[in-house]
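Colleague: My questions all concern the structure below.
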């Protein structure tokens, strides 16, 4: 007999349905900057019901919290769980997960996204590098690509050093990174000890497409650990360009692929299909290399792909984006021509911000871009 603790990357509103007696540890970002409402509460409590609260553990991520004058507050559905005394970790602390009727506890050191300002990264490093630290697993919601004092990012070499210095740590689980920058989800330290990039349970945009997994830590009565990695059914993105839609035969082939790549997922019986669909249809991404073909592509999309979500990516616009951000724009554009190319997706990519932050920054960015184009036009 074994105890099973399932570690899940950022759900963003998509949840793992536990098997019998499994415990679930969420590594942050339960929803996507969501305000508390009854519909979202019904969905989440259908997966993680109050009467089994001892089986669920929640780490606060950057989408679960916001700053206040006093410090850090949890918002959205995670805040509701916190108010019901669920194990919700919003500070540097240790989760004790009981096994075999409290025969022993699995000790999980929790490092959420926001921490009290008095806690410094060097102090966290000192704690983790202390060989006397008696911790089985480290769970972090962190970033690895850029420095952010609020999240105390750790980099791959630092994580390897931590595990080499403190051999009591079996696993380090990392949330936040929707698609890891490392070649693999798992970095092996030795045969039984690993660093794991848990990813998000679903791609939040087509550039994050790829397979998803849940990670099951199994522990026997002698406290021996093992790790199982199981595929998690997730949304697919089918990427083509305008030439792939040239003939009716080509279009039929793409429709067949879309049908074949529709994914079935488990959901609680109490939820309706509208609340949490059993089938995730893929999204069709069409990259337009020739901007003159965009109108023709949109007509075909409306005629043949109305049952699917379709994203049209104008590669010409992407080229302009790169030239503007690098200040290398050397095209004979006038202001009016350029304004027709400014699209929300284009602006959002430049901003690299969340959808919730986009609207407040959009107008300011448009003004900056227009001013820049006017300056370029005047020079020509």
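Colleague: List the strands (runs of 3 or more DSSP E) inside the stretch 1-71, counting only whole elements, that have at least 3 residues being modelled with pLDDT of 90 or more. Even if it seems obvious, please write down each step before you answer.
Modeller: Details: elements: 3-8, 23-26, 56-59, 65-67.
Passing ranges, in order: 3-8, 23-26, 56-59.
Colleague: Just one of 227, 255, 271, 284 is at pLDDT 95 or above and in the same structural domain as residue 41 (by TED's automatic domain parsing); which is it? Working first, answer last.
Modeller: Working: 255 fails: in the same structural domain as residue 41 (by TED's automatic domain parsing); 271 fails: in the same structural domain as residue 41 (by TED's automatic domain parsing); 284 fails: in the same structural domain as residue 41 (by TED's automatic domain parsing).
Result of the check over 227, 255, 271, 284: 227.
Colleague: State whether one or more residues within the stretch 73-90 are in contact (Cβ under 8 Å) with a residue 60 or more places away in the chain and part of a loop (DSSP other than H, G, I, E, B). If you could, list the steps in order and put the result at the bottom.
Modeller: Narrowing the stretch 73-90 to residues in contact (Cβ under 8 Å) with a residue 60 or more places away in the chain: none.
So far as the stretch 73-90 goes, no, none of its residues is in contact (Cβ under 8 Å) with a residue 60 or more places away in the chain and part of a loop (DSSP other than H, G, I, E, B).
Colleague: Mind checking whether some residue in the stretch 34-47 is under 21 Å from residue 229 (Cα atoms) and surrounded by fewer than 22 Cβ atoms within 10 Å (Cβ to Cβ)?
Modeller: Here is the first cut: in the stretch 34-47, the residues under 21 Å from residue 229 (Cα atoms) are 47.
Applying the additional criterion that residues be surrounded by fewer than 22 Cβ atoms within 10 Å (Cβ to Cβ) yields 47.
Yes - at least one qualifying residue is present in the stretch 34-47.
Colleague: Taking interchain pairs and intrachain pairs at least six residues apart, which have beta carbon atoms under 7 angstrom, with the first residue in the stretch 31-43 and farther than 24 Å from residue 203 by Cβ and the second modelled with pLDDT of 80 or more?
Modeller: 36/77; 36/79; 36/80; 41/77; 41/80; 42/275
Colleague: Quick check, is residue 201 assigned to a loop (DSSP other than H, G, I, E, B) and in contact with a strand residue (DSSP E or B) (Cβ under 8 Å, 6 or more places away or on another chain)? Please lay out each step first, then the result.
Modeller: Working: assigned to a loop (DSSP other than H, G, I, E, B): yes; in contact with a strand residue (DSSP E or B) (Cβ under 8 Å, 6 or more places away or on another chain): yes.
Considered against the rule, which asks whether it is assigned to a loop (DSSP other than H, G, I, E, B) and in contact with a strand residue (DSSP E or B) (Cβ under 8 Å, 6 or more places away or on another chain), residue 201 comes out as yes.
Colleague: Scanning for something closer than 24 Å to residue 265 by Cα, in contact with a strand residue (DSSP E or B) (Cβ under 9 Å, 6 or more places away or on another chain) and either assigned to a loop (DSSP other than H, G, I, E, B) or modelled with pLDDT of 90 or more (or both), does the stretch 143-152 turn up at least one residue?
Modeller: Let us first name the residues in the stretch 143-152 that are closer than 24 Å to residue 265 by Cα, namely none.
Checked the stretch 143-152: no residue is closer than 24 Å to residue 265 by Cα, in contact with a strand residue (DSSP E or B) (Cβ under 9 Å, 6 or more places away or on another chain) and either assigned to a loop (DSSP other than H, G, I, E, B) or modelled with pLDDT of 90 or more (or both).
Colleague: Regarding the stretch 100-121, can at least one residue be identified that is assigned to a helix (DSSP H, G or I) and surrounded by 12 or more Cβ atoms within 10 Å (Cβ to Cβ)? Explain how you work it out, then say what you get.
Modeller: Taking the stretch 100-121 and keeping what is assigned to a helix (DSSP H, G or I), we get 121.
When the remaining residues are screened for being surrounded by 12 or more Cβ atoms within 10 Å (Cβ to Cβ), the result is 121.
Yes, the conditions are met somewhere in the stretch 100-121.
Colleague: Residues of the stretch 163-181 being more than 19 Å from residue 234 (Cα to Cα) and assigned to a loop (DSSP other than H, G, I, E, B), which ones?
Modeller: Of everything in the stretch 163-181, those that are more than 19 Å from residue 234 (Cα to Cα) and assigned to a loop (DSSP other than H, G, I, E, B) turn out to be 166, 167, 168, 169, 170, 181.
Colleague: Could you please let me know if residue 131 is under 26 Å from residue 222 (Cβ atoms), surrounded by fewer than 13 Cβ atoms within 10 Å (Cβ to Cβ) and at pLDDT below 85? Let's see the steps before the verdict.
Modeller: On the way: under 26 Å from residue 222 (Cβ atoms): yes; surrounded by fewer than 13 Cβ atoms within 10 Å (Cβ to Cβ): yes; at pLDDT below 85: yes.
It is true that residue 131 is under 26 Å from residue 222 (Cβ atoms), surrounded by fewer than 13 Cβ atoms within 10 Å (Cβ to Cβ) and at pLDDT below 85.
Yes/no matrix, rows are residues, columns are (1) surrounded by 13 or more Cβ atoms within 10 Å (Cβ to Cβ); (2) over 22 Å from residue 178 (Cα atoms):
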{"residue": "212", "(1), (2)": "yes, no"}
{"residue": "215", "(1), (2)": "yes, no"}
{"residue": "226", "(1), (2)": "no, yes"}
{"residue": "236", "(1), (2)": "yes, no"}
{"residue": "245", "(1), (2)": "yes, yes"}
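Colleague: Considering 301, 285, 297, 270, which residue is surrounded by 15 or more Cβ atoms within 10 Å (Cβ to Cβ) and in contact (Cβ under 8 Å) with a residue 60 or more places away in the chain? Outline the logic, then answer.
Modeller: Details: 301 fails: in contact (Cβ under 8 Å) with a residue 60 or more places away in the chain; 297 fails: in contact (Cβ under 8 Å) with a residue 60 or more places away in the chain; 270 fails: surrounded by 15 or more Cβ atoms within 10 Å (Cβ to Cβ).
It is 285.
The values are calculated or read from the model by the stated rules, or taken from the named source; none is laboratory data. Quantities reported herein were computed from a predicted structural model and do not represent experimental measurements. Note: ideal-geometry Cβ built from the backbone for every residue, glycine included; neighbour counts use all protein chains shown.
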